[in-house]
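Following: one structure in structure tokens, then a few remarks.
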């Protein structure tokens, strides 16, 4: 099982991406991140979705060779990578201009993946309810089925933490039946969503993991240590993490930690696992 973190490392601050940053400059910074992640013994990393600022296809095309080099580097270092879309990528929006921008973002991520040699997936959410959960879900299904096939095949749909958005277990399982999009389970989202209840049973997680059968990448689970029902992310509690993962023994998945201290938390979790092995607990 790989355990990773997302975006900007906690202890390796990089220059922010701005409107003047090119895709090539973003990739130069990611080379630094890749080597840093590898130096820590971490083998899973989520690439920032703004790798091509303002979803510029032209900027990506100009950096095609750098993308290929970066993809090779991640593979040589045995670091699994993936994407999560930005907050503004809403595929069930009723506004055509918002949908166009969402599709443009997805296209840029797919284009990078193609240049980098493949192996990534794109994590998305179903979107808002816009006053009618059923019609909003139907609009999402219709819009994703109209995406270009290379983009569609990269999508992984994540459950939601807010009752005001689509993304309960039942809703996502329905979407999967209609589209075939693999489902990504977020433990914290399930726990804080008022339409769900408590810790997710093993069978729910298993039903999500099963949707990855035949997918181009292996299943991923998101995990966070949170404070109460408000969902505030805290530094990870390694003991709680392993207590929960132990309940999923026998299931095959990698874990993306979505926690405050990024790579520090990955190292804490791995150190706790090593200690459990020494004590004969695992």
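The values are calculated or read from the model by the stated rules, or taken from the named source; none is laboratory data. These numbers come from a predicted model, not from an experiment. Quick reminder, even Gly has a Cβ in these numbers, built from the backbone with ideal geometry, and neighbours come from all protein chains shown.
For this structure, a couple of remarks:
- For the stretch 13-24, the condition of being at pLDDT 90 or above, assigned to a helix (DSSP H, G or I) and touching a helix residue (DSSP H, G or I) at 6+ places or on another chain (Cβ under 6 Å) holds for at least one residue.
- The combined condition, being over 29 Å from residue 163 (Cα atoms) and touching a strand residue (DSSP E or B) at 6+ places or on another chain (Cβ under 9 Å), is not fulfilled by residue 258.
- Annotation: of all residues in the stretch 217-232 being closer than 24 Å to residue 156 by Cα and surrounded by fewer than 16 Cβ atoms within 10 Å (Cβ to Cβ), the one that is modelled with the lowest pLDDT is 231.
- Hey, residue 41 buried (at least 21 other Cβ atoms within 10 Å of the Cβ), out of contact with any helix residue (DSSP H, G or I) (no Cβ under 6 Å at 6 or more places or on another chain) and not in a helix (DSSP H, G or I) or not: no
- When the stretch 259-282 is limited to residues that are in a loop (DSSP other than H, G, I, E, B) and modelled with pLDDT of 80 or more, the one that is nearest to residue 1 (Cα to Cα) turns out to be 259.
- For the stretch 156-180, the tally of residues that are free of Cβ contacts under 8 Å to residues at least 40 places away in the same chain, within 17 Å of residue 213 (Cβ to Cβ) and buried (at least 22 other Cβ atoms within 10 Å of the Cβ) stands at 1.
- Qualifying residue in the stretch 74-83 (condition: touching a residue at least 12 places away in the same chain (Cβ under 8 Å), farther than 24 Å from residue 236 by Cβ and surrounded by fewer than 18 Cβ atoms within 10 Å (Cβ to Cβ)): yes
- Selection count where residues are in contact with a strand residue (DSSP E or B) (Cβ under 8 Å, 6 or more places away or on another chain) and without any contact (Cβ under 8 Å) to a residue 12 or more places away in the chain, scope the stretch 29-44: 0
- Of the residues making up the stretch 245-258, those that are in a helix (DSSP H, G or I) and surrounded by fewer than 17 Cβ atoms within 10 Å (Cβ to Cβ) are 246, 247.
- Count of residues meeting criterion [in a loop (DSSP other than H, G, I, E, B) and either touching a residue at least 60 places away in the same chain (Cβ under 8 Å) or under 14 Å from residue 150 (Cα atoms) (or both)] in the stretch 117-132: 5
To keep it simple, each residue is scored yes or no on (1) closer than 18 Å to residue 87 by Cβ; (2) modelled with pLDDT of 95 or more; (3) in contact with a helix residue (DSSP H, G or I) (Cβ under 6 Å, 6 or more places away or on another chain).
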position	(1), (2), (3)
136	yes, yes, no
149	no, yes, no
152	no, yes, no
156	yes, yes, no
172	no, yes, no
178	no, yes, yes
181	no, yes, no
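- Sole exception among (1) more than 21 Å from residue 245 (Cα to Cα); (2) in a loop (DSSP other than H, G, I, E, B) for residue 160, by number: (1)
- Test: residue in the stretch 85-94 that is over 21 Å from the mean Cα position of the chain (by Cα) and closer than 27 Å to residue 177 by Cβ: yes
- Scope the stretch 49-84; condition part of a loop (DSSP other than H, G, I, E, B) and at negative phi; matching residues: 52, 56, 63, 77, 79
- Hey, residue 214 under 23 Å from residue 103 (Cα atoms), more than 15 Å from the chain's Cα centre (by Cα) and surrounded by fewer than 17 Cβ atoms within 10 Å (Cβ to Cβ) or not: no
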